[in-house]
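This report refers to the structure that appears directly beneath it.
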Amino acid sequence: QVQLVESGGGLVQPGGSLRLSCAASGTIFSIYRMGWYRQAPGKQRELVAAITSGGSANYADSVKGRFTISRNGTKNTVYLQMSSLKPEDTAVYYCNVVTTHYDYWGQGTQVTVSS
C-alpha cells in the first residue's frame, strides 16, 4: 500500500523560509510527476509546483522566484523549498504523486505565515 508522508510544515514569520518534504512509502511504479498543492480556508485547492520524472518543473505564478521544487527519484521523495513567505501562503499543503495508473495524495501539512 502506498503512503505519502509529509513533513516540514509549521509557523513562520513573513519573509521566513520552510522546507516541505514528502516521502512515498510502498511500491510505486512509473511515477510521472510529483508535486505540491495547497488549500487555504474557503478556497479551492491549487497547484503550487510540480516536477516530472524528467526534471521539468512548473510553478504557480504566485510562488515563482520564491519556491523551488526538487525530487530524489531514488528515494521517491519530493521537496518544496519555500522562501520569502507571505501571509497569503498560509494553507494546508498536500503532496501529490501521479503515476501512469494512479493519483496519490498525502494527508496535508499546515503552513502558517504570521507575525
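A Förster radius of 30 Å combined with the Cβ-Cβ distance from residue 70 to residue 46 puts the calculated FRET efficiency at roughly 0.90. Along its principal axes, the chain has C-alpha extents of 42, 25, 24 angstrom, given from the largest down.
Cross-link partners of residue 43 among lysines, defined as those whose alpha carbon lies under 23 angstrom from its own and excluding same-chain residues fewer than eight positions apart: 64, 86. When the chain is treated as a GNM, springs tying every alpha-carbon pair under 10 Å, which of 99, 77, 90 comes out with the largest mean-square fluctuation? Greatest mean-square fluctuation among the candidates belongs to 99. Per-residue extension of 0.36 nm, minus the Cα-Cα distance of residue 83 and residue 39, leaves a gain of 14.0 nm for this segment.
Rule-based calculations on the coordinates, nothing more; no lab input. Quantities reported herein were computed from a predicted structural model and do not represent experimental measurements. Note: ideal-geometry Cβ built from the backbone for every residue, glycine included; neighbour counts use all protein chains shown.
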